[in-house]
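S.K.: Before I ask anything, let me first share the structure, which is written out below as structure tokens.
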Amino acid sequence: MTLLETENVSKVFGGLTALDRVAIAVEEGKIVSLIGPNGAGKTTFFNCVTGVYAPDRGRITFRARPMIGRAPHEITRQGIARTFQSIRLFAEMTALENVMVGAHAQSRAGILGALLRSGWVLEEERTLASKAFQLLEFVGLTDRAEVWARHLSYGEQRRLEIARALASDPVLLLLDEPAAGMNPRETEDLMRLIRRIREQGVTILLIEHDMKVVMGISDRVVVLNHGEKIAEGSPVEIQRDPRVIEAYLGTT
Amino acid sequence: MRLPMLLLRWTGIAVWIGLLILPFAGLRQAVLIAAVIALGGLLWSATIWVSASSRMQALTAETARRIRPPEAGWRSFRPTVPQRQAFFVLLLLLLMILPLGMNNYIMDVLTLAGIYVVLALGLNIVVGMAGLLDLGYISFYAIGAYSYALLSTKLGVSFWIALPLGGMAAAAFGIALGVITLRLRGDYLAIVTLGFIQIVNLVLKNWDSVTNGPNGILNIGRPAIGSFVFSQPIHFYYLILGLALLTVLAVNRLNRSRIGRAWIAIREDEVAAQAMGVDTTRMKISAFALGAVWAGLAGVFFAGKFAFVSPESFTFFESVIVLSMVVLGGMGSIPGVILGALIVVILPEVLREFASYRMLIFGVALVLMMIFRPQGIIGNPRRRLELRPEDEDAIMRRRTGV
């Protein structure tokens, strides 16, 4: 089943066409990678899907529901979670609290609930905290639960971002360059982690520059260049595609 | 930090300050002030410690056990719930017997400090937690005070009914300001809120038929329960103590709730907060509203205590004073903000000996504070728990951008 489908999505910033009629379909349960040279429009595409930008044209549907025009927090509630290319954790909150914020949409205690702190509110807090703790366990950060996000190592911060995104119980997880800046061992761990997330039934759309990661875990690869989709296919097909080679290496 | 270290630190600070003021204040007073600082400091450290370790209360016992405490030693000690409650009951008792035997002047200073504690805690919601720089906070204080002044003089409404009404009126204006400034951030927000306090102040000064202009409103009814009328300074001390405790309780609960987390998340990174499903629009407006409520309540109390309000009490300068309490004490930290309010109110009184130099000394102290300890006196309790050697690596990583 097609989970996320975009048709004809375009986004122009001033004179720069960041996305030009991009059509991508993400099948449920798959790991799909979005690759392309710097400035190809990959992150812009993520921002359009998550509601940070409104595309100038085109359609985005998620589980057959139109997504354009919805605020980012509403899209998160629909089941799309994301991480950021430049880490955007809540620096002065503990790792556990970061993940608990991730579950914001899954909880409902309001102002009155917080002030009165009745039984169900406390119960919800406990459930949230233990769920967050389980997610920290999932990404291997249990012993860092009480540490401020800004004091975590780089690799730990990357994993915390993933745990935080998972806390919203997403159907589709968008990862924006999760392997950036990681050493080979951390990258190996990350690939294992992404596969484990997929095993939990979460579909993954991934932006990545590390070709080892892309070719190692993707079911499908989509290539963008100058805002246009230039190729799509299995990792093997993409590696042989002359247009992809040209986009990355240039013509001679 | 171990107990002997704490003792040493506070004694050191006390002796140093004692020596500094010795030439001006004389031996007896210097020793007295030093003793107060030493004891007060220790009490503060204990309060911070107890309240800092209560953050993870919401965890199940099982989960809490599995989280390794950040450090061995006394920091890994978590007071149990009864221990913590006992501590706060003792603290409350101390505050209740504190004014007994003190003169009216000290009681008035403490009451004033109480008003500012309420104001600073309310502003802390907006600035400290949600990270919205509000320079017009005092306008909500004015709205609370004038609400009661008008309700009392024109309609004869009692203090107790006006108290929630004043809070609600302030909240309504808070929501209005929140809606207007929705798309603004940082500097721009500060400028609009600055305009807001000017507008409120000008309206109070010029709308003669309602506010009686610069002359203010006189003969506001005092709070009363049956035939008992609050009239002595000690009555108001207990009233503001109650109001301040209510504020601390409410703000603390908000801070440790889903709402508080959402506010802090917005402060830390609005885009990320939104991506996590936080409705930032709604949360920002609610921060303005919930911050304003406390200013409104404090305003009603102010009108009830002094039985007189005039526009002079509600100027931009007052806003800045309250903001400096929040920043001085430590943004986002409840005990810090309380301490900030106490210092800003009480220090100038203690420094009265220096006559016109006291504001100069106070100004220099603020400047030094911001240079050497920008996170405030207490900072965030969590920061204290987290300062560890590896921080240097983290800082290096950030600097080098690796």
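The values are calculated or read from the model by the stated rules, or taken from the named source; none is laboratory data. Everything numeric here is computed off the predicted structure, so don't read it as measured data. Positions of Cβ are generated from backbone atoms using ideal geometry, with glycine treated the same way; all protein chains shown enter the neighbour counts.
S.K.: Taking residue B:244 as the residue in question, decide whether it is surrounded by 14 or more Cβ atoms within 10 Å (Cβ to Cβ), under 25 Å from residue B:112 (Cα atoms) and modelled with pLDDT under 90.
M.R.: So residue B:244 does not fit the description; no.
S.K.: Let me ask something additional. Could you please let me know if residue B:230 is over 18 Å from residue B:295 (Cα atoms) and hydrophobic (A, V, I, L, M, F, W, C)?
M.R.: Taking the combined requirement at face value, the residue satisfies it.
S.K.: Name the helices (runs of 4 or more DSSP H) wholly inside region B:72-188 in which the number of residues that are at pLDDT below 90 is 2 or more.
M.R.: Correct list: B:81-97, B:104-123.
S.K.: Is at least one residue of region A:20-43 within 14 Å of another protein chain (Cβ to nearest Cβ) and farther than 15 Å from residue A:203 by Cα?
M.R.: Yes, region A:20-43 has at least one match.
Matching residues to (1) basic (Lys, Arg); (2) facing chain B (nearest Cβ under 7 Å); (3) assigned to a strand (DSSP E or B); (4) surrounded by 18 or more Cβ atoms within 10 Å (Cβ to Cβ):
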| position | (1), (2), (3), (4) |
| --- | --- |
| A:77 | yes, yes, no, no |
| A:81 | no, no, yes, yes |
| A:87 | no, no, no, yes |
| A:91 | no, yes, no, no |
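S.K.: Just give me the residues in region A:147-169 being at the interface with chain B (Cβ under 10 Å from one of its Cβ atoms) and buried (at least 20 other Cβ atoms within 10 Å of the Cβ), in sequence order.
M.R.: A:147, A:148, A:149, A:151, A:152, A:157, A:161, A:164, A:165, A:167, A:168 - these are the residues of region A:147-169 that are at the interface with chain B (Cβ under 10 Å from one of its Cβ atoms) and buried (at least 20 other Cβ atoms within 10 Å of the Cβ).
S.K.: Which of the following residues is surrounded by fewer than 21 Cβ atoms within 10 Å (Cβ to Cβ), touching a Pro at 6+ places or on another chain (Cβ under 9 Å) and more than 8 Å from chain B (Cβ to nearest Cβ): A:112, A:193?
M.R.: A:193
S.K.: Please work out if residue A:144 is more than 10 Å from every other protein chain (Cβ to nearest Cβ), without any contact (Cβ under 8 Å) to a residue 60 or more places away in the chain and among the basic types (Lys, Arg).
M.R.: Answer is no for this residue.
S.K.: For the subset of region B:274-306 comprising residues that are of a type outside the set (S, T, N, Q), at the interface with chain A (Cβ under 7 Å from one of its Cβ atoms) and part of a helix (DSSP H, G or I), which member is surrounded by the fewest Cβ atoms within 10 Å (Cβ to Cβ)?
M.R.: Residue satisfying both the conditions and the ranking: B:290.
S.K.: While we're here: Looking for whichever is modelled with pLDDT of 90 or more, more than 29 Å from residue B:265 (Cβ to Cβ) and hydrophobic (A, V, I, L, M, F, W, C) here; the options are A:24, A:87, A:31, A:75. Which one fits? Explain how you work it out, then say what you get.
M.R.: Details: A:87 fails: more than 29 Å from residue B:265 (Cβ to Cβ); A:31 fails: more than 29 Å from residue B:265 (Cβ to Cβ); A:75 fails: more than 29 Å from residue B:265 (Cβ to Cβ).
Result: A:24 is the single residue among A:24, A:87, A:31, A:75 that is modelled with pLDDT of 90 or more, more than 29 Å from residue B:265 (Cβ to Cβ) and hydrophobic (A, V, I, L, M, F, W, C).
S.K.: Any residue in region A:212-224 that is modelled with pLDDT under 90 and either crowded, with 18+ Cβ neighbours inside 10 Å or over 23 Å from residue A:159 (Cα atoms) (or both)?
M.R.: Checking region A:212-224: not a single residue is modelled with pLDDT under 90 and either crowded, with 18+ Cβ neighbours inside 10 Å or over 23 Å from residue A:159 (Cα atoms) (or both).
S.K.: While we're looking at this one, here's another question. Give region A:42-57 a look and list any residue that's out of contact with any helix residue (DSSP H, G or I) (no Cβ under 8 Å at 6 or more places or on another chain) and outside any helix (DSSP H, G or I), or say none.
M.R.: Residues satisfying the conditions are A:56, A:57.
S.K.: Can you go through A:97, A:137, A:124 and tell me which one is in contact with a Phe, Trp or Tyr (Cβ under 9 Å, 6 or more places away or on another chain) and facing chain B (nearest Cβ under 9 Å)?
M.R.: Going through A:97, A:137, A:124 in turn, the sole match is A:97.
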